[in-house]
1. Whether any residue in region 340-355 is small (Gly, Ala, Ser) and at pLDDT 95 or above is what I want to check.
2. Against the conditions (1) among the β-branched types (Val, Ile, Thr); (2) part of a loop (DSSP other than H, G, I, E, B); (3) out of contact with any Lys or Arg (no Cβ under 9 Å at 6 or more places or on another chain), where does ILE333 fall short? Just the number, please.
3. Would you be able to tell me the number of residues in region 508-546 that are closer than 26 Å to THR102 by Cβ, in contact with a helix residue (DSSP H, G or I) (Cβ under 7 Å, 6 or more places away or on another chain) and not in a helix (DSSP H, G or I)?
4. Open to solvent by 30 Å² or more (accessible area, probe 1.4 Å) and more than 27 Å from TYR354 (Cα to Cα), is that true of PRO240?
5. Out of everything in region 100-120 that is of a type in the set (Ser, Thr, Tyr) and at pLDDT 95 or above, what residue ends up being surrounded by the most Cβ atoms within 10 Å (Cβ to Cβ)?
6. Looking at (1) open to solvent by 40 Å² or more (accessible area, probe 1.4 Å); (2) at pLDDT 95 or above, which is the only condition ASP215 fails?
7. Pairs only if they're at least six apart or on different chains, beta carbon under 7 angstrom, first in region 233-254 and among the small types (Gly, Ala, Ser), second crowded, with 24+ Cβ neighbours inside 10 Å and assigned to a helix (DSSP H, G or I); list them, first residue then second.
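The values are calculated or read from the model by the stated rules, or taken from the named source; none is laboratory data. These numbers come from a predicted model, not from an experiment. Glycine also receives a Cβ, built like all others from the backbone with ideal geometry; neighbour counts cover every protein chain displayed. Calculation scope for accessible area: heavy atoms of the full protein, side chains included, ligands and nucleic acids excluded. Shrake-Rupley method; radii C 1.70, N 1.55, O 1.52, S 1.80 Å.
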Amino acid sequence: MKRSKILAMALVSVLTISSLTGCGGNSNNNTNPTTNGTNQTTASGSSETTASGNSETTASGNPETPKTPVVDNGGKPIKDLVMVQNQGSHECETLNWLYTQTGSTSEVLTNLVDGLLSCDVYGNLVPAIATEWGTEDGGLTWTFKLRNDVVWVDVNGNKMADCTAQDFITGLEWVLNASKNDANNTSMPIELISGAKDYYDYTKGLSEEEAMALDSTTFLQMVGVEAPDDYTLIYHCTTPKPYFDSVATYQCLYPVSAAMIEQITPAGFKEATNDKLWYNGCYRLTSFIYNNEKVMEKNESYWDKNCTLFDSVTVKMIEGSDVGYQLYQAGEIDSVGLNESQFSTIYNDPNHEYHNNLVETYPSKYAYVVHFNYNKRKDDGTDDTNWNTAVANESFRQAWYYGLDFTEYLARTNPLNPNKQTLDTFTGRGLVYTSDGTDYTTLVTDLLDHGATDRSNGQGKAARLNAEKFEAAKQQAMEELAAQGVTFPVQADYFILSGSQASLDSAEVLKKVFSQCFGDDFIQLNIRTYVSSLVQEVRSPRLQSFMINGWGADYADPQNYLGQMTYPDDNAYYAQNFENIPDAPDNVKATFEEYTKLEKAADEIVDDMDARYAAFAQAEVYLLNHALFIPVDNQINFKITRINHYTMMNAPFGIQYNKYKNWETSTVAYTADDYAAFEAAFEAGRPTK
C-alpha cells in the first residue's frame with residue numbers, strides 16, 4: 001500500500017464516542033488517568049427506550065449477537081487474547097465494582113459482572129440481565145423484568161447462587177451506605193432515586209460499626225426501590241427521569257450477592273480480592289498480580305449462550321509504549337498503540353513490515369480536560385500559597401484558556417492528525433442529541449464567541465486559542481498577582497509515574513509547550529514523579545497543580561458531566577477530589593456556586609429535552625467563560641491491531657465498552673484497507689436517529 005492510501009484512511013470520518021464510566025480510563029498520552037463517568041459510544045437522545053411526557057415506553061429484545069465478519073484476511077479468530085495497559089496510571093484501584101469510579105478499573109470489572117442493561121455497537125441500549133424495561137409515567141417509575149438463568153460463580157467456576165432482584169437491592173444499599181462505599185458512585189442514585197440522599201445522610205450519622213451492620217431492611221423503608229418478586233425490580237425516581245434506563249449500564253446500579261458478602265464479610269468485600277469474589281459476567285478473574293498481570297478465564301455458566309467469548313484474556317501491565325511495541329513484534333500481544341517515533345518510523349518507510357497495518361481508531365469516549373487544584377499543598381502538608389493565589393485569579397486561568405496550545409503534545413499519539421482530537425467542551429461529543437439531531441456539544445460551542453474547532457483535517461488549531469486575548473490576560477494576571485505578593489514564574493507541579501520513559505517523554509513535550517506558550521517569565525512546569533499510586537501519593541495529599549483527566553459518562557445526559565463540578569455537593573466527583581473546592585479561596589467558591597445555580601436549574605427541566613439541553617449548555621459555557629477548566633482532547637490514536645474496534649460496544653456512557661464480548665479478531669493483523677471496510681459497513685448499518 002502506498003503512503004497516500006494510509007493518509008486517505010487516516011482522514012476518513014470515524015465514529016465519535018464520548019470515560020466514571022462517570023469514570024476514567026487510560027490517557028491517550030501515556031501519563032494521565034481517566035475518571036469514569038463511564039465508557040464509550042454514541043447514543044441518540046436518551047436512547048430508544050426512554051420516555052417523555054406521560055407516554056408508556058417499554059423495551060425488550062435480545063443481546064447483540066456476533067455478526068458475519070466483514071473482512072476475511074486469512075486469519076483465524078483469536079482464542080486467547082492478550083492486551084497491555086500502562087503501569088501506575090491504568091492499574092485497578094480496587095476489585096470492588098461498586099466502589100470504583102475510574103475507567104481503568106471498570107474496564108476490567110465490566111468483564112466480571114453484568115448489570116441490568118448493556119449496549120450494542122452503536123450505543124443503543126440492549127438487554128443484559130433485564131429482558132424488558134420501561135416506564136408508564138414519563139420516567140418517574142421504571143420497571144425492569146429480569147431473566148431467571150443468571151448465576152453467581154466463584155473464582156473456580158463453581159455455581160454459588162442465583163442472581164435475583166435482591167442482589168440489585170443489596171448492591172444499591174452498599175453504594176448508598178457511607179461507611180461501606182464512602183461517597184463513591186453516590187452522585188447518580190442520590191440525584192435520581194427517591195430517598196437515596198436520605199439514606200446516605202442517615203448512614204453518615206451512624207458509627208462505622210452500625211453502618212456496616214446494616215442490611216436492606218431499613219434501606220427498603222427509606223429508598224424508592226422494590227422487588228415484588230425475585231425477577232422484577234422497580235425504581236421510583238425523585239422526579240421524572242426520561243434517561244434513567246441508561247443509568248442501568250453503570251455500576252452504581254450493579255448487583256452483588258448478599259450471600260457472598262456474608263461469606264467474606266463486609267470488610268472482605270470492601271477490600272475485595274479476586275479469589276474471594278463471586279462473578280456473574282463473561283469471565284472470572286483467576287489471577288491478579290498488581291502492576292504485573294491479570295488473567296480472566298471464560299465463565300462457562302454465563303447466561304448469554306449465543307455470544308462469542310475468548311477462552312482467556314490476559315492483560316499485561318507495562319512501563320510504556322516502547323515495551324508494548326516490543327511485545328507486539330515478538331507476537332506476545334494482539335494490539336498496541338503507537339507513540340510519535342514509532343508511528344513516524346513505520347509511516348515513512350513503505351517497506352516496513354507494519355506499513356500497511358497503521359490504523360486510526362475512532363475517538364475515545366473520554367473527554368480530557370485540565371483540572372486545576374484550587375487548594376494545593378506542599379510536600380510538608382502546608383498550603384502552596386503562591387499557586388493557590390495565582391489559580392484563584394480568573395485572568396491567570398484565562399491565559400491558559402486562550403494561550404495553551406496542545407498540538408505538539410497531542411502529536412505524541414497522533415502525529416498525522418493531532419488536532420482531530422481537540423476538545424472544545426467539558427462534555428464529550430456524541431453523548432446526546434436534540435430532537436433535530438444536533439449534538440449537545442454544538443449547543444455549547446454555538447454560544448461561545450470563538451465557536452468550535454475545525455477538526456476536518458486534524459491540522460487546525462483549537463478554536464479557543466487567541467494570541468491577543470492571551471497577552472491581555474497574562475498582563476492583567478501578572479499585575480494583579482504581583483500586587484498580592486505572588487512570585488513569578490508561578491511553579492506548576494505536574495506528576496508522572498516514576499520510571500516510565502513514555503510518561504517522561506510526554507511530560508517533557510508538555511513542559512516545552514508551556515515554555516513556548518506562556519514564556520518562562522509567567523509559568524514554569526515542574527515534572528515530578530510518584531511511585532505507584534497517583535491517587536494516594538499525589539491527589540489525596542493535594543500535591544498537584546493540575547491534572548489532565550478524562551471523564552466518560554455514566555448515563556446519557558449532560559448532567560452526569562456537569563454535576564461533577566457543582567458546589568456545595570459532597571458527591572460532585574471533580575469538585576471534591578480534583579478541584580478541592582470546599583477548601584478553595586472564597587472567590588473561587590462563589591464562582592462555582594453561581595455555576596451550580598445554572599446547573600441545578602437545567603436539571604429541573606424534565607418535560608422538554610431540547611430545553612433541558614439548552615439550559616445545560618448555558619451552564620457549561622459559564623464554566624468555559626470563567627476558565628474553570630481547560631479542554632484538551634478526546635483521543636484518536638494510531639494502532640497496530642488484530643481487533644476490529646467497530647465490533648466493540650460503542651457507548652459514550654456505562655462501563656461496557658471494554659467488555660471482551662462479540663469482538664471480531666484475527667490472528668493476522670488488520671490493514672488500513674480492512675479498517676476502511678469496517679467503517680463503511682459500520683456506517684451503512686448505523687440506525688437513523
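1. If we filter region 340-355 for residues that are small (Gly, Ala, Ser), which is where we start, we get 341, 344.
Imposing the further condition that a residue be at pLDDT 95 or above reduces the set to none.
No, the conditions are met nowhere in region 340-355.
2. Of everything listed in (1) among the β-branched types (Val, Ile, Thr); (2) part of a loop (DSSP other than H, G, I, E, B); (3) out of contact with any Lys or Arg (no Cβ under 9 Å at 6 or more places or on another chain), ILE333 misses just condition (3).
3. Qualifying residue count, region 508-546: 6.
4. yes
5. Of region 100-120, the ones of a type in the set (Ser, Thr, Tyr) are 100, 102, 104-106, 110, 118.
So of that shortlist, the ones also at pLDDT 95 or above come out as 110, 118.
Numbers: THR110: 31, SER118: 26.
Filtering first and then ranking leaves THR110.
6. Going through the list (1) open to solvent by 40 Å² or more (accessible area, probe 1.4 Å); (2) at pLDDT 95 or above, ASP215 breaks only (2).
7. none
Results for (1) crowded, with 24+ Cβ neighbours inside 10 Å; (2) touching a Phe, Trp or Tyr at 6+ places or on another chain (Cβ under 6 Å); (3) closer than 27 Å to TYR555 by Cα, shown as yes or no for each residue.
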{"residue": "TRP400", "(1), (2), (3)": "yes, no, no"}
{"residue": "ASN417", "(1), (2), (3)": "no, no, no"}
{"residue": "LEU423", "(1), (2), (3)": "yes, no, yes"}
{"residue": "THR442", "(1), (2), (3)": "no, no, yes"}
{"residue": "ASN466", "(1), (2), (3)": "no, yes, no"}
